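Data block below; observations after.
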Amino acid sequence: MGQAREVMDRLTEAVTTARDPKAIAECFAQDAVAVTPDAGELRGRDHIVEYFEQVAEMFPQPTYTSLRKYETGDTAIDEGFLGGRNTGPIALPDGETIPATQREVRIRGCDLATVEDGVIVSYRLYFDQAELFTQLGLVPEAP
């Protein structure tokens, strides 16, 4: 196992099992950049940690089921399912929030972390927002 894999595994643990903002921060470089489907581009460790704290507020007891783990050079790649019950307010991109739906979700996602000197410098997260909002009951299911 290389450095990228080790850091990605620590991040996954910090986000899901430990739910530890300090441990999340320790995974990222001060000037790291993250790209997410819902928040867009986040510049800097503090903004990235803030994003993960919002997710933790929406889903305070998340689960993660790994499907595949890869590492190539300085980049770790994970594919899996993030699940949980939405018991906290849902943050929207415009800064507004809507009340929790109390619904269970299970969303397939993929994330990539590029690591330099033991910390993530570039992070990319992919998941289907339409599927998330459908499972939350916020948009109707497709016929």
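Read-outs: derived from the displayed coordinates by stated rules, not from any lab. Since we're looking at a predicted model, the values are computed, not measured. Using ideal geometry, Cβ is built from the backbone for each residue, glycine included, and neighbour counts are taken over all protein chains shown.
Quick look at the numbers
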| item | result |
| --- | --- |
| Extended-chain gain in nm, criterion 0.36 nm per residue less alpha-carbon gap, E96 and T63 | 9.3 nm |
| Total charge dipole magnitude, the chain, about the Cα centre, Cβ charges on Lys, Arg, Asp, Glu only, Debye to nearest 20 | 400 debye |
| Along the chain, longest interval not containing exposed GluC sites (Glu not before Pro), exposed being DSSP loop plus at most 14 other Cβ atoms within 10 Å | 1-95 |
| Size descriptor, Kirkwood hydrodynamic radius, that averages inverse alpha-carbon separations across segment 22-62, Å | 10.5 Å |
| Cα pair distances of the chain binned at 10 Å [whole percent] | 12, 43, 34, 10, 1 |
| Span from the segment 97-113 Cα centroid across to the segment 6-60 one, whole angstrom | 14 Å |
| Signed unit charges on C-beta, dipole axis of the chain, positive-most listed residue V115, V35, A130 | A130 |
| Degrees between helix 45-58 axis and first principal axis of the chain (Cα, 0 to 90, nearest 10) | 30 degrees |
| Binned Cα-Cα distances of segment 81-143, short to long, each 10 Å bin given as a whole percent | 18, 41, 28, 12, 1 |
